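Beneath this line is the structure, given in structure tokens, with notes to follow.
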Amino acid sequence: MDVLRIDVCPGLGSLDGGPNSALAAAQVLAADAWGADRSWFLHNGSTAGNQIMLMATCHPGDVVLTSRNTHKSIVSGLVVSGARPVYIRPELDPESHIAHGVTPEQIEEALDHHPEAKAVLIVSPTYYGACSDVAGIADVAHRHGIPLLVDEAWGAHFPFHPSLPPHAFSAGADMAVTGVHKLLGAFLQASLVHVRGDLVDGDRVEVVAGMVQSTSASALLRASLDVARMQMATEGEALLSDVIALAEDAREEINNHPRLSCLGKELVGNHGVVALDPTRLVVNVTGAGFSGYEADRVLFNEHDVAVELSDFANVLADVTIGHQREDLDRFVAALRAMADDPHAQQLSSKGFVEEALRVLPEQALSPMEAFHAPQERVSLAQSVGRVSAEMAATYPPGIPVLVPGERLNPALVAHLQAQVEAGGRIVGPSDPKLATIEVVRE
Ligand SMILES: Cc1ncc(COP(=O)(O)O)c(C=O)c1O
């Protein structure tokens, strides 16, 4: 009831609240906390942030280099901005089946082939907590005179503890999105976009931010951003010390089980990863005879434990300032009980068509061109050779396997079918079971 009572316009002003508004003051404090020159409060999540980053830096047809393990919101940003992506393929970790970081060398090589690129956009950390060499990539982008944009949706806590990986602006990024609602205390949908330096035009960001968001921002969401910022600025280091300790203890206990393994420091230096967020617990369950999807169901149905995401091989748990030691103990106990189940070996990991992730499909049209082209619906089985008008991503983590404008090939179709059969939730296509798919009419 109190929530309803306070959901009124409290005089913060609209998105252009004016230089003397409470909103403007709160945004200055946010910029200071996250190391930016200017920050904008977002009330449509990091999805809006990614759309804003692309619309503020690219015009239709402009080339943007982006890591292929982007989030689906970046694909929506490509559609609305009209930018033409050149994908950098992160190396796939054969153990965990996860695509991690991209390297400065890959960016350099791509810029040699595409000197016309207008920006570089990377996701760091990834959903799984893997951080690319943002500083090295920023150097490369700057040598070519273009900005580095970082989707830091999962790294909102980084500036507030010295043991966490460097945050985007300390590493030289020019623009970044921070998902404050994800791992900190802001309400869902509350996020930030920031700029630093003069490679990105802040006034254009202001205009675009006003275009992709509601003009009736919730004061509750905005206030929650300010509160989350204050909490981190005043007690972040102490709170995050506890979080890191909880996560490290759980990681050690999980790794003590012979059939479970939790991603850790061994990843650093491999697969384009220079740092790992210690607060993410990525547990490979295949040694225990489960796919990640199956483990997710067992943990939820039999142990009342909900994980953040599952994929073919892993389940992922976040450890946040909202967790207590009992929560982690329950998670570890549930994992151990599951892994000790004598019937577990009867369950098997379903097919995983790695080729679909190792080889990028041919890009016949830009995402915007394909999205707006005349379309027709065909069965997925008959879609090989056709240009997709839709995106398909497993969710979570929401990493697209197929982007509008890409030509479907046999490995891609087999991979999508395997994901559906394995119980993965596919988002993007208008037919969520993916029996059929919208393709560009020939
Ligand atoms: C890497 C990444 N970027 C952006 C987003 C979009 O964030 P939001 O849900 O706040 O719109 C997500 C969501 O999971 C994400 O994982």
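The values are calculated or read from the model by the stated rules, or taken from the named source; none is laboratory data. Please read these numbers as outputs of a predicted model, since none were measured by experiment. Please note: Cβ atoms are built from the backbone with ideal geometry, for glycine as well, and neighbour counts cover all protein chains shown. Only protein heavy atoms, including side chains, enter the accessible area calculation; ligands, DNA and RNA are left aside. Shrake-Rupley method; radii C 1.70, N 1.55, O 1.52, S 1.80 Å.
At-a-glance table
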quantity: List LEU365, LEU92, LEU199, ordered by accessible area with a 1.4 Å probe, largest first; calculated: LEU199, LEU365, LEU92
quantity: Accessible area per residue, Å², the chain with all protein chains present, probe 1.4 Å; calculated: 41 Å²
quantity: Global form of segment 237-346, assessed from the alpha-carbon gyration tensor, a/c cut-off 1.5; calculated: oblate
quantity: Portion, in percent, of the accessible area of segment 15-230 that falls on carbon or sulfur, probe 1.4 Å; calculated: 52 percent
quantity: Total lysine pairs under 21 Å (Cα atoms) in the chain, excluding pairs fewer than 8 apart on one chain; calculated: 4
quantity: Reciprocal of mean inverse Cα separation for the chain (Kirkwood radius, Å); calculated: 22.4 Å
quantity: ASN255-HIS343 FRET efficiency (beta carbon distance; Förster radius 30 Å; 0.05 resolution); calculated: 0.80
quantity: Sites ASP242 and ARG204, calculated FRET efficiency, Cβ-Cβ separation with R0 45 Å, nearest 0.05; calculated: 0.65
quantity: Order by protection proxy (mean Cβ within 10 Å, highest first), peptides 119-125, 419-425; calculated: 119-125, 419-425
quantity: Dipole of the chain, positive direction: furthest Cα of ALA337, VAL403, LEU92, with charges on the beta-carbon; calculated: VAL403
quantity: Projected label distance in nm at GLU109 and VAL359, using a 7 Å step from Cα toward the beta-carbon; calculated: 1.7 nm
quantity: Packing-based order for 127-138, 235-246, using average beta carbon neighbours within 10 Å, highest first; calculated: 127-138, 235-246
quantity: Whether segment 191-302 is rounded, prolate or oblate, judged on the alpha carbon gyration tensor where a/c under 1.5 counts as rounded; calculated: prolate
quantity: Helical mean residue ellipticity (222 nm; -39500 (n - 2.57) per DSSP H run of 4+; nearest 500) of the chain; calculated: -11500 deg cm²/dmol
quantity: Label-point gap, in nm, between HIS59 and GLU442 - each point 7 angstrom along Cα→Cβ; calculated: 3.5 nm
quantity: Most mobile of PRO166, PRO278, PRO19 in a GNM of the chain (Cα contacts under 10 Å); calculated: PRO19
quantity: Amide proton proximity set for ARG386, modelled H, under 5 Å, gap of 5+; calculated: LEU408
quantity: Cα-based shape type of segment 118-275, given that a ≥ b ≥ c are square roots of the gyration tensor eigenvalues and the cut on a/c is 1.5; calculated: oblate
quantity: Sequence-separation-based contact order of segment 354-440, relative, with Cα cut under 8 Å and 6+ spacing, percent; calculated: 38 percent
quantity: Mean separation of Cα contacts under 8 Å, 6 or more apart, over the residue count of segment 237-346: relative contact order %; calculated: 29 percent
quantity: Spacing of the two label points (7 Å from each Cα toward its C-beta) at ARG89 and LEU4, in nm; calculated: 5.5 nm
quantity: Contour minus Cα-Cα distance for LYS433 and VAL227 (0.36 nm per residue); calculated: 70.1 nm
quantity: Net lengthening on full extension, ASN20/ALA373 (0.36 nm per residue, minus Cα-Cα); calculated: 122.5 nm
quantity: Relative contact order %, the chain, counting alpha carbon pairs below 8 Å whose residues are six or more apart; calculated: 15 percent
